[in-house]
1. For region 100-182, list the strands (runs of 3 or more DSSP E) that sit wholly inside it and hold at least 1 residues that are within 16 Å of the ligand (Cβ to nearest atom); which are they?
2. Considering each residue of region 1-46, count those that are surrounded by fewer than 17 Cβ atoms within 10 Å (Cβ to Cβ) and either under 17 Å from the mean Cα position of the chain (by Cα) or within 25 Å of ALA329 (Cβ to Cβ) (or both), and give that number.
3. Would you tally the residues in region 286-318 being assigned to a helix (DSSP H, G or I), out of contact with any Lys or Arg (no Cβ under 9 Å at 6 or more places or on another chain) and within 16 Å of the ligand (Cβ to nearest atom)?
4. Would you mind telling me which numbered condition in (1) assigned to a helix (DSSP H, G or I); (2) more than 15 Å from the ligand (Cβ to nearest atom); (3) more than 19 Å from SER181 (Cα to Cα) ILE276 fails?
5. Scan region 245-271 for residues that are away from the ligand (no atom under 16 Å from the Cβ) and surrounded by fewer than 18 Cβ atoms within 10 Å (Cβ to Cβ) and jot them down.
6. List pairs: first residue in region 68-85 and more than 25 Å from GLN112 (Cβ to Cβ) and modelled with pLDDT of 95 or more, second residue among the aromatic types (Phe, Trp, Tyr) and not in a loop (DSSP other than H, G, I, E, B) anywhere in the structure, Cβ distance under 9 angstrom, at least six positions apart or on different chains.
7. For HIS220, all conditions in the list (1) buried (at least 18 other Cβ atoms within 10 Å of the Cβ); (2) outside any loop (DSSP other than H, G, I, E, B) hold save one; what is the number of the exception?
8. Please enumerate the residues belonging to region 110-150 that are basic (Lys, Arg) and either surrounded by 24 or more Cβ atoms within 10 Å (Cβ to Cβ) or under 17 Å from SER173 (Cβ atoms) (or both).
Amino acid sequence: MPSSRILGTGVCVPPRVVTNFDIMKMMETSNEFIVERTGVQRRRHAEAGQAASDLGAVACRAAVADAGLTMDMIDLVIMNTITPDHADPGCAFFLQAKLGLAGSPVLDIRQQCAGLIYGLSLADHFIRAATYRYVLVACAEVLSKRIDGSYDGRNIAILLGDGAGAAVVGPASDRGPRIVSTTLHADGKHAKSLYTAAPGSGLERGEHITKEDIDAGRVHFRMDGKAIFQNGVEKMSQAIFECLELNGLALEEIDCLVPHQANLRMLEEIVARVGIPRSKVYVNVEEYGNIGSASLPIALHEARQAGLVRPGGRTLLVAFGSGFVWGSALVCT
Ligand SMILES: CC(C)(COP(=O)(O)OP(=O)(O)OC[C@H]1O[C@@H](n2cnc3c(N)ncnc32)[C@H](O)[C@@H]1OP(=O)(O)O)[C@@H](O)C(=O)NCCC(=O)NCCS
């Protein structure tokens, strides 16, 4: 059975830089708290008129060009976001229209910060089965539009940034550059550790949304920060060890670890727990904050550009997100 590989990556990071001092104008917080607890110094915010599909389309075009393909060669678009253009239909439709891909299938997935891992896994399976040849995986977030600076929302609000990343996956031989393995996990009993209650059908009443939902803050993220921190460290560390065991590899045989950029303190704990040299781990959370599902493809793209993802090397991608959802992808480059 043929394998698949990442043929190209692309990103879109809005130019508007928002510092912690700018965030302090939006809510009761301090630069010291943000830096000490999260490591974030700056993040980017999209312009008011920009949607997730706008950032996603820029990243997708760049990824297709990087792959040396043209957009009409894409057989399937998989999109992940928690900041869709509209409540429905899925954001992939709006992205597809902007890419001019009428008629080809699209697939919205909702795997939060692990969107790239799930997207790569699906793309890999479709390509191995010879169902599709070229699959575009896009992750885009405009999280700045979901900032709630109230007392209940500020623990997550300080982390958030905007951006998009995309990867083109296509056929490969069983030797050489390829996606070697993907592992996927989820545990829905923790779904309310980081969630947005409204609008929804699970509110034990007849209405999907009410004015009171807005007034009570149910339309905003609510996060149990400690649960997310502990589980994020544990699950991402587990996913690294699981990938090594699955592939019969020692940690030293990994050339580059690209983790979801959740929070610098979390990443430092993972590095300490796993015992991987810090120089092999790509980190950009200080610059961009946490961009949800877009963090991982942006970090992967930058790691490629920085030369950390070298030809003939092994890159391990790992992510954790709300749900909980977590997993890994091992890529030979
Ligand atoms: C968010 C995080 C920094 C908060 O730290 P914490 O110690 O767990 O924070 P808590 O929510 O327990 O609150 C501790 C104190 O900090 C305060 N606090 C929370 N957010 C704050 C903010 N933005 N500014 C200032 N103080 C804040 C709380 O009000 C609380 O004060 P109190 O004890 O006087 O009530 C931390 O939990 C964390 O990093 N979690 C992981 C988040 C993450 O990575 N999410 C993305 C996963 S994909």
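The values are calculated or read from the model by the stated rules, or taken from the named source; none is laboratory data. The structure presented is a predicted model; accordingly, all values stated were derived computationally and were not measured. Neighbour counts run over all protein chains shown; Cβ positions are idealised from the backbone, glycine included.
1. Of the strands (runs of 3 or more DSSP E) lying wholly inside region 100-182, those with at least 1 residues that are within 16 Å of the ligand (Cβ to nearest atom) span 135-142, 162-172.
2. Number satisfying all stated conditions: 2.
3. Number of matching residues: 8.
4. For ILE276, the exception is condition (1).
5. Once the filter is applied, which keeps residues that are away from the ligand (no atom under 16 Å from the Cβ) and surrounded by fewer than 18 Cβ atoms within 10 Å (Cβ to Cβ), region 245-271 yields GLU245, LEU246, ASN247, GLY248, LEU249, ALA250, LEU251, GLU252, GLU253, ASP255.
6. ASP75/PHE126
7. Result: HIS220 passes all but (2).
8. From region 110-150, those basic (Lys, Arg) are 110, 128, 133, 145-146; that's our starting set.
Answer for region 110-150, where residues must be basic (Lys, Arg) and either surrounded by 24 or more Cβ atoms within 10 Å (Cβ to Cβ) or under 17 Å from SER173 (Cβ atoms) (or both): ARG128, ARG133.
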